[in-house]
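Enquirer: Below is a structure I'd like to ask you about.
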Amino acid sequence: MNAASTWTTAELQAIILARELADGEVGIVGTASDVQVAACNLARAMHAPSLSWVSGPLGTVNADAGALLPTADARLIRHAEAVVDLSVMIDVIDWRPGFFDFAILGAMQVDRHGNLNTVVIGDHARPKVRGPGVIGTSPLAAFAKHFFVLLARHDRQNLVERVDFISAVGHYRGGSSRASELGLETEGPRLVVTPLAVLDFHPVTRSMQLRSVHPGVSVAEVVARTGFVLDVPPDVATTPPPTVRELAVLRRCVDRTGILRRGRSDTRSQRLGDRPARPMSAGTTHTRTKPCRT
Amino acid sequence: MNPHGTLGARGAGPAAESEGTVGRPLSVRRRKVVTLDDAVRLVEDGATVGLGGWIFYNTPMALVRALARAGRRDLTLVPAPGSIGPDLLIGAGSVSRVFCVFITFEHLGFAPNFRRRSESGALQVLEMDGPGLAAGLRAAADGLPYVPIFDVGTDLPRVNPEWYRPLPAVDGRRLLAVPPIRLDVVLVHAQQADEYGNAQLLGGAFFDPLLAMAARRVVVSVDRLVPTRTIRRVPERTKLPSYLVTAVVECPRGAHPTGSHTLYDPDEGHLRAYVEAGTRPDAYEKYLDRYVRVGEERYRELVRRGARRARTGCEGDER
């Protein structure tokens with residue numbers, strides 16, 4: 001496979017996630033989700049043409065503007081195949097178990113067992129840091145058939161032994177506790193994609209373990225920057241770098257205005273994972289998407 | 001009698017034209033257009049107030065600024081996922097309790113006043129998730145004592161036991177009961193409405209229709225008033241029909257600095273400056289002086305000037 005030479009952390013994360021999305025699946029993407037949208041549309045362009053993804057806020061299905069737009073921007077409607085109002089979508093977002101195949105969720109804190117926290121650091125009554133809140137992450141973590149965790153940082157502050165507040169449940173207390181104590185039949189968190197590495201969960205203990213380190217990152221660095229004792233299998237792979245083709249499709253068909261490309265692309269800033277800021281008016285001038293050729 | 005109606009006709013518009021196929025009506029249909037000040041009188045101190053829109057879009061900011069300017073106190077706020085809408089009211093000292101489902105400035109940072117007042121304990125935060133908010137609003141809309149949701153293992157019932165009440169499990173599934181979240185009034189922003197209160201959302205509807213169904217009064221700000229024949233051309237866009245709407249206020253750019261779907265984008269420069277000001281109480285007071293206490297006319301003028309400056313390439317992000 002022909003590896004590309006430079007990419008940003010956001011591009012790499014989108015490509016890693018895209019590879020994990022299977023044809024025919026139905027997924028949901030929340031608010032502020034450039035990397036998630038890129039992953040879905042890249043998967044559709046590459047190997048999963050029958051995948052469907054829904055914008056949580058707008059209810060658009062398979063919105064594909066050729067450029068990344070905020071998931072609550074009305075322009076998505078013109079590039080979608082369906083729009084289902086939120087007051088209808090909440091039936092399957094907030095109630096129905098197993099409707100979505102996957103969700104891609106972010107968090108302020110993730111713990112050893114993949115539980116998520118977007119609410120508070122510290123005590124809820126007098127928090128040290130007050131976060132944004134739960135929104136739809138709690139039912140999606142419980143009821144999507146599996147979910148992915150996407151982090152914009154990898155450090156001892158956001159990868160912790162135990163989250164201060166469970167806002168969306170992962171493998172709960174580890175082992176089979178998710179099913180036995182909470183009665184949840186879905187898989188739970190499958191992968192955690194950070195700026196440094198891809199992590200998954202030990203099949204028995206359901207503790208987070210290192211699956212692969214991104215190109216240019218050492219195992220020692222990942223271990224040092226994780227706030228709990230990370231399981232490190234003997235043969236940790238390197239995350240397969242983006243192929244020339246993946247990057248070309250991403251840049252030409254999915255993210256033409258370079259939202260994920262913005263920010264410096266030298267190795268160090270890639271590894272620190274500074275997610276580039278998106279201007280909210282980006283991509284406003286493009287016209288209808290042409291069939292994508294690469 | 002319309003349970004949502006509390007105002008008589010005010011600010012008479014043009015003489016009633018013939019609407020639809022009914023021909024000339026025998027009596028005059030009630031108009032719902034009011035001034036910003038009149039609209040604010042529909043929100044009393046201590047009221048439970050819903051806010052529509054979604055984070056950086058369709059937030060009824062002119063109404064929010066007017067409430068802050070009027071010095072409303074002790075409100076219980078029930079915002080849809082929001083940014084400057086809930087944060088500005090919290091920062092102005094109008095809010096004592098907030099149902100928080102999601103309050104954030106996304107990539108621009110945490111909501112500064114919400115954060116500071118939560119961390120100091122000055123603001124009571126009723127922590128909700130999507131199912132909790134949706135169930136509470138549906139219970140209110142449907143007149144039910146509660147709506148059941150699944151218990152999905154979060155810490156929400158621990159910190160908010162009043163709104164997440166255990167129910168007996170069914171078929172091994174753990175359930176919670178969410179009691180009604182009844183809104184005294186909801187503020188929403190739509191792109192256009194007619195003088196009778198048929199309000200159209202030209203892009204996403206978000207939680208606005210559900211919030212309206214759960215509210216005793218529905219106050220809508222619109223970027224423009226249009227004739228009823230314009231409404232009738234695309235009736236499927238009327239997500240808030242006249243019979244739900246208590247009052248309509250014409251506020252051009254009334255969602256600014258959030259965007260109004262299909263009409264204008266979020267003003268990222270303004271939002272960024274707001275977040276920065278909000279992190280320091282003295283700077284925030286200056287923000288309130290400059291943009292809120294001056295009144296809506298002056299606000300619009302400042303925004304126009306800012307946009308012009310941006311076009312000529314000096315500063316700001318607005319195109």
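Enquirer: Given chain B, what percent of its DSSP beta bridges are antiparallel, to the nearest 5?
Expert: 30
Enquirer: Check the straight Cα-Cα distances from B:Lys239 and name the aspartates and glutamates below 19 Å, setting aside those fewer than 8 residues away within the same chain.
Expert: Cα-Cα hits under 19 Å: A:Asp73, A:Asp85, A:Asp91, B:Asp142, B:Asp194, B:Glu195, B:Asp208, B:Asp223, B:Glu250.
Enquirer: Arrange the following residues from fewest to most other Cβ atoms within 10 Å of their Cβ: B:Tyr287, B:Tyr274.
Expert: Placing the least packed residue first, the sequence is B:Tyr287, B:Tyr274.
Enquirer: Also: Non-local amide H neighbours of A:Val110 (under 5 Å, H modeled in plane, Pro and chain starts lacking H): which ones?
Expert: A:Leu159, A:Val160
Enquirer: Moving to a separate point now. Rounded to the nearest 5, what % of the DSSP beta bridges within the protein assembly as shown are antiparallel ones?
Expert: Here the share of antiparallel DSSP bridges comes out near 35 percent.
Enquirer: Arranged by the count of other C-beta atoms within 10 angstrom, fewest first, what order do B:Lys286, B:Lys32 take?
Expert: Details: B:Lys286 12, B:Lys32 28.
Fewest-to-most ranking of B:Lys286, B:Lys32: B:Lys286, B:Lys32.
Enquirer: While we're here: Would you mind checking which residues have amide H under 5 Å from A:Gly188's amide H? H placed 1.01 Å from N; only 5 or more apart, or other chain.
Expert: Here A:Phe147 satisfy the definition.
Enquirer: Mean residue ellipticity at 222 nm from the helices of the protein assembly as shown, using -39,500 (n - 2.57) per DSSP H segment of n ≥ 4 over the full residue count, to the nearest 500 deg cm²/dmol?
Expert: -7000 deg cm²/dmol
Enquirer: Related question: What's the FRET efficiency of A:Asn2 with B:Arg280 using the Cβ-Cβ distance as r and R₀ = 30 Å, to the nearest 0.05? Mind dumping the intermediate values first?
Expert: Details: r = 51 Å, r/R0 = 1.72.
Calculated value: 0.05.
Enquirer: Order by neighbour count: B:Met128, A:Met108, fewest other Cβ atoms within 10 Å first, most last.
Expert: Placing the least packed residue first, the sequence is A:Met108, B:Met128.
Enquirer: Over chain B, one equal point on each Cα, no solvent: what is log10 I(q)/I(0) by the Debye formula at q = 0.09, 0.11 Å⁻¹?
Expert: The calculated log intensity ratios at q = 0.09, 0.11 Å⁻¹ are -0.47, -0.69.
Enquirer: For the pair A:Thr238 and B:Glu236, how long in nm is the line joining their label points, each one 7 Å along Cα→Cβ?
Expert: Calculated label separation equals 5.3 nm.
Enquirer: Apply the Karplus parameterisation 6.51 cos²θ - 1.76 cosθ + 1.60, with θ equal to phi minus 60°, to every residue of the stretch A:161-176 and state each ³J(HN,Hα) to the nearest whole Hz, in sequence, with x for glycine and proline.
Expert: Those phi angles translate into 4, 9, 5, 6, 8, 7, 9, 8, 8, x, 8, 6, 9, x, x, 9 Hz.
Enquirer: Rg(Cα) of the stretch B:94-161 divided by 2.2 N^0.38 Å? Provide the component values of the computation, followed by the final result.
Expert: Values: Rg = 13.8 Å, N = 68, 2.2 N^0.38 = 10.9 Å.
Ratio of Rg to 2.2 N^0.38 Å for the stretch B:94-161: 1.27.
Enquirer: For peptide B:267-274, compute the average count of partner chain beta-carbon atoms within 10 Å of each residue's beta-carbon.
Expert: Averaged over the peptide's residues, the number is 1.
Enquirer: Over chain B, what is the relative contact order in percent, taking alpha-carbon pairs closer than 8 angstrom and at least six residues apart?
Expert: That works out to 20 percent.
Enquirer: What distance in nm separates the two pseudo spin-label positions at B:Val294 and A:Arg126, each 7 Å out from Cα along the beta-carbon direction?
Expert: 4.0
Enquirer: While we're here: Counting DSSP beta bridges in chain A, what percent are antiparallel, to the nearest 5? Before the final figure, lay out the partial values.
Expert: On the way: 17 of 37 bridges.
Percent antiparallel among DSSP bridges in chain A is about 45.
Read-outs: derived from the displayed coordinates by stated rules, not from any lab. Values in this document were obtained by computation on a predicted structure and should not be read as measured data. Note that we place each Cβ from the backbone using ideal geometry, even for glycine, and neighbour counts take in every protein chain shown.
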